[in-house]
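Reviewing the structure listed below.
The values are calculated or read from the model by the stated rules, or taken from the named source; none is laboratory data. Nothing here was measured: the structure is a model prediction, and the numbers come from that model. Heads up, the Cβs are rebuilt from the backbone with ideal geometry, glycines too, and the neighbour counts pull from every protein chain shown. Heavy atoms of the whole protein, side chains included, go into the accessibility calculation; ligands, DNA and RNA do not. Shrake-Rupley method; radii C 1.70, N 1.55, O 1.52, S 1.80 Å.
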Number of protein chains: 2
Amino acid sequence: MSLSIYFGRIVKRVREEHGLSQEVLADRADLNRSYVGEVERGTAMPSLGTVTKIAKALNLSPSALLARYEAYEQSQLENVS
Amino acid sequence: MSLSIYFGRIVKRVREEHGLSQEVLADRADLNRSYVGEVERGTAMPSLGTVTKIAKALNLSPSALLARYEAYEQSQLENVS
């Protein structure tokens, strides 16, 4: 499973934990709503700048958002093995 | 100061802490040597995929590398204020 798919799933999960719609997240992150959808589906590979915008829009530091992604990826790999 | 400049300085600092040349880092990260130079100078905005490759080539998780960048950015902002 690719990095962008795992990262996208975490963005979606954290967004939903905050009860935000894609529109609200996109607005907060100053991103296009359809692009947020692409990131969440894993069809777009965001830049570090976009990762930072999304993290801050979710009230997380970029490192904290990546730590969530790493923990999720690890849990998926353990399920497979 | 921009995100890519701060991030680039941390990549350079960690690389030098490991005593690696740009060539060795580029080779480990499966990146072009000149691109590593651009990232370090802050003239390129890496993707999440590239951040992950660089982090792993420096024996760090992506979140750990970003945490170093965030601490460095914070220290610079405190110096200015």
Subject >> Residue count for the stretch A:41-65, restricted to those that are surrounded by fewer than 19 Cβ atoms within 10 Å (Cβ to Cβ) and not aliphatic (A, V, I, L, M) >> reply: 7
Original post:
Residues in the stretch B:1-13 that are in a helix (DSSP H, G or I) and either within 14 Å of chain A (Cβ to nearest Cβ) or open to solvent by less than 20 Å² (accessible area, probe 1.4 Å) (or both): how many?
Top reply: 9
Original post:
Quick check: is even one residue across the stretch A:22-32 charged (D, E, K, R), part of a helix (DSSP H, G or I), more than 26 Å from B:G42 (Cα to Cα) and open to solvent by 40 Å² or more (accessible area, probe 1.4 Å)?
Top reply: yes
Original post:
Does B:E73 satisfy the condition of being within 14 Å of B:V11 (Cβ to Cβ), in contact (Cβ under 8 Å) with a residue 60 or more places away in the chain and either charged (D, E, K, R) or more than 14 Å from chain A (Cβ to nearest Cβ) (or both)?
Top reply: yes
**OP:** Hey, can you tell me all the residues within the stretch A:21-54 that are under 19 Å from A:R68 (Cα atoms) and among the aliphatic types (A, V, I, L, M)?
**Re:** A:L25, A:A29, A:V36, A:V39, A:A44, A:M45, A:L48, A:V51, A:I54
**OP:** Return the only residue of B:E38, B:E16 being within 14 Å of chain A (Cβ to nearest Cβ), among the acidic types (D, E), open to solvent by 20 Å² or more (accessible area, probe 1.4 Å) and in a helix (DSSP H, G or I).
**Re:** B:E38
**OP:** Report, by residue number, each residue of the stretch A:41-81 that is within 10 Å of the chain's Cα centre (by Cα) and part of a loop (DSSP other than H, G, I, E, B).
**Re:** A:G42, A:P46, A:L58
